[in-house]
Amino acid sequence: MIDQALQALRDGKFFLIYDFDDREGETDLAIRSDAVQPKDILRMRKDGGGLICTAIHPAAAHRLNLPFASDVFSKTHLTEEIGDIPYDRKNHSSFSLWVNHKNTFTGITDRDRTLTITEIGHIVEDAMAGRHTSFSSQFRTPGHCPILRAADDLLRQRRGQTELSIALASMAGVTPAVTICELLDDRTGKALRHDDAKRYAQKHGFAFVGGNDVLEAWDGRAGTLASAPVHSHADGSAPAARARAVHAEGRDD
């Protein structure tokens, strides 16, 4: 299914990623961030139910000066410590900042989150291409869209959904910004079971890929902080045009 997942990324379509039985044991809905539309946010919050986050490549995080949340709050007594995460005791979480695009209204609506997420995808593309960018001129924090910063050595260092999705984006040759959301079980309140997640994928025609499949495809690849080749946006729009594609909400909407 790895080839189908890579093609889904190139096509801007949903696919599913299951991590590992001995890790979170969760399946995420995933889609490339620069292709997200309001209907995709709707599906994630209705069918997924988990947290809608956007994972980005470590090189982009470095170039955009996006920190780990654990570093931002390191002077407080609330910061996580290595060993606190039961399924990944060797690493801290991948959370960076929670942001809204400055052209949003409340930031939480489907349209507002679409704008924030697609513009994160666009600025990641610019950062990976070495173009001058200013994250603070476009985004504000706190906001409603969590950014996940992948580990510097990706799957050699950490094997979370963040790294799995960015490794897949790199292999697909698309902008390495992927929006993910956990599939939860309405009946149990827990993560959707692996078999049920597979059935959901089959029902909707989505590719389903497991962490071991990604590891096998990724094995032996070169350093991860180098710029990854990326494709242009699916709509081929220039930066000025694409920024107008989704408008912020206001009181008159």
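The values are calculated or read from the model by the stated rules, or taken from the named source; none is laboratory data. Being a predicted model, the structure only gives us computed values, none of them experimental. Here the Cβ is made from the backbone with ideal geometry for all residues, glycine too, and neighbour counts use every protein chain on show. Accessible surface is based on the protein model in full, side chains and every heavy atom, while ligands, DNA and RNA are left aside. Shrake-Rupley method; radii C 1.70, N 1.55, O 1.52, S 1.80 Å.
Sort the following peptides by mean Cβ neighbour count (other Cβ atoms within 10 Å, averaged over residues), highest first: 50-63, 94-107, 114-127, 71-84. Don't skip to the end; give the middle numbers.
Numbers: 50-63: 22.4, 94-107: 20.4, 114-127: 25.5, 71-84: 10.4.
Highest-to-lowest ranking by the protection proxy: 114-127, 50-63, 94-107, 71-84.
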Across the chain, qualifying lysine pairs (alpha carbons under 22 Å, at least 8 places apart or different chains) come out at 13
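Summarise the accessible area of the stretch 37-114 (1.4 Å probe, protein heavy atoms) by the percent that is carbon and sulfur. Kindly include the intermediate steps, with their values, before the conclusion.
On the way: 2280 of 4180 Å².
The C+S portion of the solvent-accessible surface of the stretch 37-114 is 55 percent.
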Translational diffusion coefficient (Stokes-Einstein; Kirkwood radius from C-alpha pairs) of the stretch 1-66 at 20 °C, 1.002 mPa s, in µm²/s: 160 µm²/s
What three numbers, in Å, describe the spread of the alpha carbons of the chain along their principal axes, ordered from the longest? 45, 44, 36
Cα-only radius of gyration and Dmax that characterise the stretch 48-95, units Å: 12.5, 34
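Averaging the inverse of every distinct alpha carbon separation and then flipping it gives the Kirkwood radius. What is it for the stretch 89-170, in angstrom units? Can you show the working numbers first?
On the way: mean 1/r = 0.0726 Å⁻¹.
Over the stretch 89-170, the inverse of the mean reciprocal pair distance is 13.8 Å.
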Projected onto the charge dipole of the stretch 86-135 (unit charges on the beta-carbon of Lys, Arg, Asp and Glu, signs +1, +1, -1, -1), the Cα from L115, W98, G130 with the largest positive-side position is that of W98
Computed about the Cα centre, the charge dipole of the stretch 60-161 from +1 Lys/Arg and -1 Asp/Glu charges at the Cβ has a magnitude in debye, to the nearest 20, of 80 debye
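Under the rule of -39500 (n - 2.57) per DSSP H run of 4 or more residues, summed and divided by the residues of the chain, what mean residue ellipticity at 222 nm is obtained, to the nearest 500 deg cm²/dmol?
Working: 10 runs with 84 residues, N = 253.
Computed ellipticity for the chain at 222 nm equals -9000 deg cm²/dmol.
Taking N as the number of residues in the stretch 1-137, what value does Rg over Cα atoms divided by 2.2 N^0.38 Å take? Don't skip to the answer; put the middle values down first.
Working: Rg = 16.2 Å, N = 137, 2.2 N^0.38 = 14.3 Å.
Relative to the rule-of-thumb radius for its length, the stretch 1-137 sits at 1.13.
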With the other protein chains left in place, how much accessible area per residue, in square angstrom, belongs to the stretch 1-133 at a 1.4 angstrom probe? 46 Å²
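Run the dipole for the chain about the Cα centre, Lys and Arg Cβ at +1, Asp and Glu Cβ at -1, nothing else charged, and hand back the magnitude in debye, nearest 20. Each step should come with its number before you reach the end.
Numbers: 31 positive and 36 negative charges, 107 e Å.
Dipole about the Cα centre, nearest 20: 520 debye.
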Measure out, as a whole number of angstrom, how far apart the alpha-carbon centroids of the stretch 22-48 and the stretch 145-196 sit. 9 Å
Above 21 angstrom, tally the Cα pairs of the stretch 136-208 and express them as a % of all pairs, no decimals. 47 percent
